[in-house]
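Below is one structure, written out as structure tokens; comments come after it.
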Amino acid sequence: MPTSKVLTSATKFIRPSTLSQPHLIRSPGLTSVINRTSTFQQKRRGHQKTVVKMATEPTAAEKTAAFEKVLQRNPHGDFKAVEASRPAFDPSPKFTYVQTPQPDWTYGSGANSLSTSTTPDKSSSSSSEEQQHIVIDPYTSGRPPAFNYKLLISAIVPRPIALVSTRSSDGLTENLAPFSYFQVISHDPPLFTLGFASPLSPAHRAKDTLRILHETGECVINIISSPSFIEAANACSTNAPLGVSEWVVSGLTPVYDVQTVKAARCKEAGFAVECKLVHVKEFESKSKPGEGAGTTLVVVEGTRFWIQEGLVNEERNQMDLGGEYRPLARLGGITYGVVREGLEIPRPDFERDVGGVEGYERLKKEREAKKEEK
């Protein structure tokens, strides 16, 4: 299918056809909260009267606060006491390269030697083939959505973090929030996805970043490129109410030298991308059927890249992981990861490394022979 058929126009921002039936109303701004009313008919003095009532649903910030109480993301209770018992952060280690676990690995060999090695907490070795797997239905009766959330964010790791900056069209509201439901999905054009655990409409239920991004059609994605501002970036995840700027809460520095958007970029970020909105899609909640959308997927296109001097090579096509570019990743719970070690493996060429079709047929015979031996 052509890309133009899949992606909505950046000028239209969103197609009603992409939304679930209960959410066909576009809610571009805060006025939608005021205008969002419910009506019912009341018989009075022999005639019907329409009574207008304001919605009493909790806001996105209130929903986040309630979800966090159920989630119990922090497993430690008094976290500061636990943190005080740990070694101090060591800022000195640089990114280093190590060998692959089995440099003499050959094609068709399957898992390397680590799969049969003795693990630190076991006295005997065990093959991965001997390990049993369990299956989980995410929609099992009685399984809270929070369980799926905790499982997924601890299993799909490490995840890149987008520190997203948005600015309302009137310039009065500025927002800065981290999202690990984030990924680059294309380079031509440069496309990125952002996932929001909230609907787009009604507006008071939408996360501030989503609401402003939909309203203005633009944002800046900042990468947490160094541990030097991890505490400030994490502060931006607070469930602040509408009108509170995370720039103030975090103390991070907004810079307005952007060229294609009005939202500020973060001065502390070693890599940032100006973005324009391309596509929005709401998804119905399956844990609470009939209650409308619970998740919104956004696709944005990068229009400018901002890179701190010294973090990129001369050709401006490769970030220097061996230098000062030290991006952080999101792990499960309240855990972040610092990228400090890596291994290189060249991408194989089918003819040269596998041996072409002849080599492939040889591997097939060897595989069948191993099955017969078992």
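The values are calculated or read from the model by the stated rules, or taken from the named source; none is laboratory data. No experiment lies behind these values; they were computed from the predicted model shown. Neighbour counts run over all protein chains shown; Cβ positions are idealised from the backbone, glycine included. Ligands, DNA and RNA are excluded from the accessible area calculation, which covers all protein heavy atoms including side chains. Shrake-Rupley method; radii C 1.70, N 1.55, O 1.52, S 1.80 Å.
Points worth noting:
- Residues of segment 331-374 that are open to solvent by less than 70 Å² (accessible area, probe 1.4 Å), in a helix (DSSP H, G or I) and aliphatic (A, V, I, L, M): Val354, Leu363, Ala369.
- Subset of segment 139-156 (residues that are free of Cβ contacts under 8 Å to residues at least 12 places away in the same chain and of a type in the set (Gly, Ala, Ser)): Ser141, Gly142
- Among the residues listed as Ser201, Ser186, Ser165, the single one being in contact with a His (Cβ under 6 Å, 6 or more places away or on another chain) and either at pLDDT below 95 or not charged (D, E, K, R) (or both): Ser201
- Only a single item in (1) open to solvent by 70 Å² or more (accessible area, probe 1.4 Å); (2) closer than 27 Å to Leu252 by Cβ; (3) among the aromatic types (Phe, Trp, Tyr) is not met by Tyr139, and it is number (2).
- Residue match in segment 37-52 (condition: open to solvent by 80 Å² or more (accessible area, probe 1.4 Å), in contact with a Ser or Thr (Cβ under 6 Å, 6 or more places away or on another chain) and modelled with pLDDT under 70): yes
- Subset of segment 194-208 (residues that are farther than 16 Å from Ala65 by Cα and aliphatic (A, V, I, L, M)): Leu194, Leu200, Ala203
- Count - residues of segment 122-161 that are modelled with pLDDT under 95, among the basic types (Lys, Arg) and closer than 17 Å to Phe179 by Cα: 1
- For Glu341, the conditions (1) at pLDDT 95 or above; (2) in contact with a strand residue (DSSP E or B) (Cβ under 6 Å, 6 or more places away or on another chain); (3) not aromatic (Phe, Trp, Tyr) all hold with the exception of (1).
- Tallying residues that are outside any loop (DSSP other than H, G, I, E, B) and touching a residue at least 24 places away in the same chain (Cβ under 8 Å) within segment 253-263 yields 1.
- Single unsatisfied condition, Tyr97 versus (1) in a loop (DSSP other than H, G, I, E, B); (2) touching a residue at least 60 places away in the same chain (Cβ under 8 Å); (3) within 29 Å of the chain's Cα centre (by Cα): (1)
- Beta carbons closer than 7 Å, at least 6 apart along the sequence or on distinct chains, pair a first residue in segment 157-181 that is under 20 Å from Gly337 (Cβ atoms) and in contact (Cβ under 8 Å) with a residue 24 or more places away in the chain with a second that is among the basic types (Lys, Arg) and buried (at least 17 other Cβ atoms within 10 Å of the Cβ) for Pro158/Arg330; Arg159/Arg330; Ile161/Arg330; Ser180/Arg159; Ser180/Arg330.
- Every condition in (1) surrounded by fewer than 14 Cβ atoms within 10 Å (Cβ to Cβ); (2) hydrophobic (A, V, I, L, M, F, W, C); (3) within 13 Å of the chain's Cα centre (by Cα) holds for Phe192 except the one numbered (1).
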